[in-house]
Amino acid sequence: MDTRITADTLTTAVPIMGDIHMVRMGTGIPLTVVARVQERLARAGYYRGPIDGLMGPRTHYAIRVYERSHGLPADGIIDRRLLATMGIA
């Protein structure tokens, strides 16, 4: 088992709009938001990985495919436009 700590594995608690959220270091996106995006992508057939709130390669790929099919810039990034298109924001 690899126990090294990297920027990809660190999370921290930060206040967002009065609530405390776990945020993966380097992304600024709450894990709960990533999990909601993963759930929507999975329901729509774009994502087949774990609903874990982590922005791994499967999540990035699924977001890019979703964005392409919905006429959005396919950058694989969770932003307000993506969230609005998914009905999350």
Within region 63-89, the residues that are outside any loop (DSSP other than H, G, I, E, B) and exposed (fewer than 14 other Cβ atoms within 10 Å of the Cβ) are R68, S69, R80, A84
Problem - Residue match in region 17-30 (condition: among the hydrophobic types (A, V, I, L, M, F, W, C), at pLDDT 60 or above and out of contact with any Cys (no Cβ under 8 Å at 6 or more places or on another chain)) - result: yes
Contact list, first residue from region 40-62 and surrounded by fewer than 19 Cβ atoms within 10 Å (Cβ to Cβ), second anywhere and of a type in the set (D, E) and part of a loop (DSSP other than H, G, I, E, B), beta-carbon distance below 9 Å, six or more apart or interchain, is L54/D8; G56/D8
Pairing a residue in region 74-86 that is hydrophobic (A, V, I, L, M, F, W, C) with any residue that is at pLDDT 90 or above and surrounded by fewer than 15 Cβ atoms within 10 Å (Cβ to Cβ), where Cβ atoms lie under 7 Å and the two sit 6 or more apart in sequence or on different chains, gives A74/R68
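The values are calculated or read from the model by the stated rules, or taken from the named source; none is laboratory data. Values in this document were obtained by computation on a predicted structure and should not be read as measured data. No Cβ is skipped: glycine too gets one built from the backbone with ideal geometry, and neighbour counts run over all protein chains shown.
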